[in-house]
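Read the structure below first, then the notes.
The values are calculated or read from the model by the stated rules, or taken from the named source; none is laboratory data. Here the structure is a predicted model, which is why all the values come from computation and not from measurement. Glycine gets a Cβ as well: all are built from the backbone with ideal geometry, and neighbour counts include every protein chain shown. Heads up: the accessible areas ignore ligands, DNA and RNA and are worked out on the full protein's heavy atoms, side chains in. Shrake-Rupley method; radii C 1.70, N 1.55, O 1.52, S 1.80 Å.
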Amino acid sequence: MVKKSFFFLTLAILIAYYIYIPLPDNVEEPWKIMLLDAVMRTPSHLAQFAEMLGLNHFVDSMMFFLSFQDVPPTSDENVSVTDTTFNNIPVRIYVPKRKPESLRRGLFYIHGGGWCFGSNAFPACDFLSRWTANRLDAVVVSTNYRLAPKYHFPVQFEDVYTALKWFLHPEVLKSYGVDPGRVGISGESAGGNLAAAVTQQLLEDPDIKSKPKIQSLIYPALQNFDTDSPSYRENSHFPILSKSVMVRLWSEYFTTDRSLEKAMLSNQHIPLESSHLFKFVNWSSLLPEKFKKGHVYKKPTYSSSELTKKYPGLLDVRASPLLADDSKLRGLPPTYVITCQYDVLRDDGLMYVTRLKNSGVRVTHNHIEGAFHGTMSFLHVKIGYRTANQYISWLQENL
Ligand SMILES: *[C@@H]1O[C@H](CO)[C@@H](O)[C@H](O)[C@H]1NC(C)=O
Ligand SMILES: *[C@@H]1O[C@H](CO)[C@@H](O)[C@H](O)[C@H]1NC(C)=O
């Protein structure tokens, strides 16, 4: 009896120890966040362990755990949901069931997952798209794209661009009853990276007649040059997305060769000959004072050009939209940017906001105190629900 209760007490302490992580005071519902983090950490630890034993690539194991969650396209009382392909790229389309009063708005949505994970069939992504379609009375196209480690940059970018271009064909928009003047592009995390990149690319594409009305970037990744910004420093061990995982995902976008990850972790992957590009991602000049507080800017340590020769994507604006110069940014449509206080990617979003404003682009910046990366994927958490509502309201008024 005593032995048994001792066993359970020990087990309870071990579980609590595994789940408990100290969180800042302004994080709401801390126990929910800790549980979420533990639920996400467990497969990640197992996947790292399997990789250490040489059994399976980290991302492949994670994909295996995540694949059980995918939901089939399921219509409900308000929205018809179908899977189809746009020029061979799988997309899921959400069309409101109510009779349209006129042409509808269209939203092209790109899921997150660090270019390695995720799909439009992931429950949180499916729910958000369905919700958006119903609340905005809009046609939502949620695209898939091929993922790392099987496929590297620029495949992810090109798949998304291919699907987007297909959607923007006047006949295709017409067949879905979409107003060509009211199409938006939106994406979350790595999807925010792809959204920013394809929106820039559209500016230079003579084939595209109807340009997007808005873009929405939800805690996007926008550069890989500097992984030592204040937000990377402050949140390197924050739940949901740590610096080590983010750097791993960035490097997997380009290659499975782990030497790039090592170089990126110590911020020594950009060669001297590319030093002129640092001004585009210089947090010392681009962050508002309050976010720089207490941080000293470290001059970049340049590497040999070996890595950038092998992986030219490192210097490519289609991977790091912050590398675009001002003359290019000037042409961008009105932009909504969400950044979260506790997110390694916070400063990417902040720097883009500054650069867009400096270029005269209309920007609405929603910085959310107390929020963490991926917030909008957790609609059962109060702050996630609030953030998603703010996002929908902005689209309601601006798309
Ligand atoms: C359908 O739309 C109505 C009104 O927006 C909403 O109250 C209801 O919950 C929606 N149904 C589903 C299944 O989402
Ligand atoms: C970044 O900006 C700071 C302050 O504006 C400046 O001193 C520094 O030289 C810049 N660094 C680079 C690499 O551009």
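Under the rule of at least 5 residues apart or a separate chain, name every residue whose amide H is placed under 5 Å from the amide H of Phe108.
The answer is Val141, Gly184, Ile185, Ser186.
With a 1.4 Å probe and all protein chains left in place, how much accessible area per residue does the chain have, in Å²?
Numbers: 17620 Å² over 399 residues.
Here the residues of the chain average 44 Å² of exposed surface.
Accessible area of segment 161-258 with a 1.4 Å probe: how many percent of it is carbon plus sulfur? Don't skip to the answer; put the middle values down first.
Details: 1600 of 2960 Å².
For segment 161-258, the apolar C and S fraction of the accessible surface comes to 54 percent.
Just by accessible area at a 1.4 angstrom probe, what is the order of Leu128, Leu36, Leu315 from largest to smallest? Kindly include the intermediate steps, with their values, before the conclusion.
On the way: Leu128 5, Leu36 30, Leu315 55 Å².
These residues rank, largest area first, as Leu315, Leu36, Leu128.
Provide the per-residue ³J(HN,Hα) series for segment 383-388, in order, calculated from phi with Karplus coefficients 6.51, -1.76, 1.60 and θ = phi - 60°, each as a whole number of Hz, with x at glycine and proline positions.
Listing the rounded values in order: 5, x, 5, 4, 5, 4 Hz.
Which far-off residues, 5 or more places away or on another chain, put their amide H under 5 Å from the one on Gly370, with H placed in the peptide plane?
Close amide H contacts, sequence-distant or interchain: Gln341, Tyr342.
If exposed means no more than 15 neighbouring beta carbons inside 10 Å and the site is in a DSSP loop, what's the longest run of the chain without any exposed trypsin sites (Lys or Arg not before Pro)? Each step should come with its number before you reach the end.
Details: sites that count: Lys97, Arg98, Arg146, Lys150, Lys209, Lys293, Lys298, Arg330, Arg362.
Value returned for the longest uninterrupted segment is 1-96.
Just by accessible area at a 1.4 angstrom probe, what is the order of Asp347, Asp207, Asp25, Asp257 from largest to smallest?
On the way: Asp347 0, Asp207 105, Asp25 160, Asp257 50 Å².
Greatest to least solvent exposure: Asp25, Asp207, Asp257, Asp347.
Give me the extension gain from Leu203 to Leu66: residue separation times 0.36 nm, minus the current Cα-Cα distance, reported in nm with one decimal.
Roughly 45.8 nm would be gained on extension.
Around Pro271, what is the net charge, scoring Lys/Arg as +1 and Asp/Glu as -1 over all other residues with Cβ under 14 Å from its Cβ?
Working: positive: Lys309, Lys310; negative: Glu273, Glu306.
With Lys, Arg at +1 and Asp, Glu at -1, the net is 0.
On the accessible surface of segment 29-68, probed at 1.4 Å, how many percent belong to carbon and sulfur atoms?
Details: 1810 of 2410 Å².
Whole-percent figure for carbon plus sulfur exposure: 75.
With equal scatterers on the alpha carbons only and no solvent term, can you work out the Debye log10 of I(q)/I(0) for segment 29-68 at 0.17, 0.27, 0.30, 0.32 1/Å?
-0.47, -0.82, -0.91, -0.97
Apply the Karplus curve 6.51 cos²θ - 1.76 cosθ + 1.60, θ = phi - 60°, to the phi angles in segment 193-200 and return the couplings in whole Hz, x for Gly and Pro.
Running phi through 6.51 cos²θ - 1.76 cosθ + 1.60 with θ = phi - 60° gives 4, 5, 4, 4, 5, 6, 5, 5 Hz.
Any chance you could run the full-extension gain for Lys328 through Lys32? It's 0.36 nm times the residue separation minus the Cα-Cα distance, nm to one decimal.
On the way: separation 296, 0.36 × 296 = 106.56 nm, distance 4.24 nm.
Contour length minus Cα-Cα distance gives 102.3 nm.
What ³J(HN,Hα) values, in whole Hz, does the Karplus curve 6.51 cos²θ - 1.76 cosθ + 1.60 give for segment 230-240 when θ = phi - 60°, with x put for Gly and Pro?
Karplus values, whole Hz, x for Gly and Pro: x, 5, 5, 5, 6, 10, 4, 10, 6, x, 6.
With 19 Å as the cut-off, how large is the P(r) tail for segment 215-275, expressed as percent of Cα-Cα pairs?
Details: 585 of 1830 pairs.
Tail of the P(r) past 19 Å holds 32 percent of the pairs.
Would you mind calculating the gained length between Tyr20 and Ser102 on full extension (0.36 nm times residue separation, minus the Cα-Cα distance), in nm to one decimal?
24.3 nm
Can you tell me what share of the DSSP beta bridges in the chain is antiparallel? A percent to the nearest 5 is fine.
Details: 12 of 41 bridges.
Bridges in the chain that DSSP calls antiparallel: roughly 30 percent.
Hey, what does the equivalent ellipsoid look like for the chain, semi-axes from the Cα gyration tensor as sqrt of 5 times each eigenvalue, largest first, whole Å?
On the way: eigenvalues 208, 156, 87 Å².
Ellipsoid semi-axes (Å, largest first): 32, 28, 21.
Just list whichever of Lys298/Lys357; Lys97/Lys213; Lys279/Lys299; Lys357/Lys382 have alpha carbons separated by over 20 Å in the model shown.
On the way: Lys298/Lys357 25 Å; Lys97/Lys213 24 Å; Lys279/Lys299 11 Å; Lys357/Lys382 30 Å.
From the list (Lys298/Lys357; Lys97/Lys213; Lys279/Lys299; Lys357/Lys382), the Cα-Cα distance tops 20 Å for Lys298/Lys357; Lys97/Lys213; Lys357/Lys382.
Quick one: pull the percent of accessible area on segment 298-375 belonging to carbon and sulfur, 1.4 Å probe, ligands and nucleic acids left out. Spell out each step's value before the answer.
Working: 1380 of 2820 Å².
That fraction is 49 percent.
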